[in-house]
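One structure is given below, encoded as structure tokens.
The values are calculated or read from the model by the stated rules, or taken from the named source; none is laboratory data. Not measured: the values here are computed from a predicted model. Here the Cβ positions follow ideal geometry from the backbone for every residue, glycine too, while neighbour counts run over all protein chains shown. Surface areas here come from the heavy atoms of the whole protein model, side chains and all, with no ligands, DNA or RNA. Shrake-Rupley method; radii C 1.70, N 1.55, O 1.52, S 1.80 Å.
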Amino acid sequence: MDREIVGYHTTISKKRRCPNSMVSLCLPIVKFILALKLEFSKPQLSHLFTLVHGIILCAGRKNMTQIRNAARGDRHLSNATNFLNHSPWCVNRMQRRRLQWIVDRIENKRLKEGDANKLVFLIVDDTCCKKDKSIRKSDLHSVTVEGQGVYRGYPYEGPVSEIENVKLLLSWKDDYTASSKPQVCLLCTDVSLDLVTIQRNYHIRWNIETGYRYFKELLGFDQYQLLSFTGIQRFWAIQFLTQNFHEYQRLEGMRGETDLTLGDVVRRIREEFFGQIIVYVYQKALEKKPLFDILRHLRLPA
């Protein structure tokens, strides 16, 4: 842990001991953001910590008011909007540092596992591609993918739409019938790959698809309410950063668990935060603080 992270860790620890403090920032969020070395000032970092924390904690529709309230921020809402709209920081530098940090760790992990190949996944909309409906059960190949089960697949290699040469795999998980449609249609530009490898790679690609769903539903990617283009662009960048933090925490947590989703990561952070609120209320009750003051501090209706 470097000096900067130690400094923030000390500040957070002191905040937890402060009798007037309600809750503290999630330490993994602080460590993750500081590791990116974004060259932010301390006030800018404070805003970034609060926004990321608030995005994670905010349930339901996400706008700046809800995000601020979820994080129990003490500053006025205008401070957060000014940080997004006017504060002097470079969103492109944030994106570069974020992507480089993630790519470096992916490559290092794969190198440790003996895999030096660069693998890239691309979504292609095949709506306008010509379909050949003359598929027979005798033409299908049985493919067993470890951890996924048995598939029936029909491979095709050749031109598709405007692509000169690809390998296409139509795949059925259930029993095939003449009227059944393929559950999965996979297009691969690397024609040297066998059917099992294509299916295995698709299993990885599916994690990206579910990641998009979490990005919209858990992070509220399409729920922004900022008027300036600069503010929207920066808010999106912070949401991508939050998504990367979720994924990193998911992988860290999977060292002891085989199945852990991004939703599980969000729930864990929310439960820890809720636990801090319980402790805060308990401490204030021991101090015989008025219930109205506690609710006002928590921004809850009386």
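Here are a few things to note about the model shown:
- Nearest-0.05 FRET efficiency for Arg296 and His203, computed from C-beta distance (R0 45 Å): 0.35
- Estimated vicinal HN-Hα couplings, Hz - the stretch 234-241 in sequence order (Karplus 6.51, -1.76, 1.60; Gly, Pro = x): 5, 5, 4, 4, 5, 5, 4, 4
- In this structure the amide hydrogen of Phe221, modeled in the peptide plane, comes within under 5 Å of the amide hydrogens of Lys216, none closer than 5 places in sequence on its chain.
- By average C-beta atoms within 10 angstrom, highest first, the peptides 193-205, 96-108: 193-205, 96-108
- In this simple spin-label model, placing a label point 7 Å from the Cα along the Cα-to-Cβ direction at both Lys288 and Thr144 gives a separation of 7.3 nm.
- Rounded to whole numbers, the Karplus 3J(HN,Hα) couplings from phi for the stretch 32-48 are 5, 5, 5, 5, 6, 6, 7, 6, 8, 6, 4, x, 5, 4, 4, 5, 5 Hz, using 6.51 cos²θ - 1.76 cosθ + 1.60 with θ = phi - 60°, and x at Gly and Pro.
- Ordering of 85-92, 288-295, 214-221 by packing [mean C-beta count within 10 Å, highest first]: 214-221, 85-92, 288-295
- Electrostatic bookkeeping for Val91 treats Lys and Arg as +1 and Asp and Glu as -1; over the other residues with beta carbon under 14 Å from its beta carbon, the sum is +4.
- Taking all protein chains into account, the per residue accessible area for the stretch 217-302 stands at 62 Å² (1.4 Å probe).
- For the stretch 182-251, size of Cβ-based charge dipole, Lys and Arg +1, Asp and Glu -1, in debye: 160
- Computed E for Asn165/Gln276 - FRET, C-beta separation, R0 41 angstrom, nearest 0.05: 0.10
- The largest-to-smallest principal axis extents of the Cα set in the stretch 203-257 are 43, 19, 15 Å.
- Working from label points 7 Å from Cα in the Cα-to-Cβ sense, the Ser228 to Asn79 distance is 1.8 nm.
- In this calculation the C-beta distance from Thr65 to Asn117 is compared with R0 = 51 Å, giving a FRET efficiency of 0.65.
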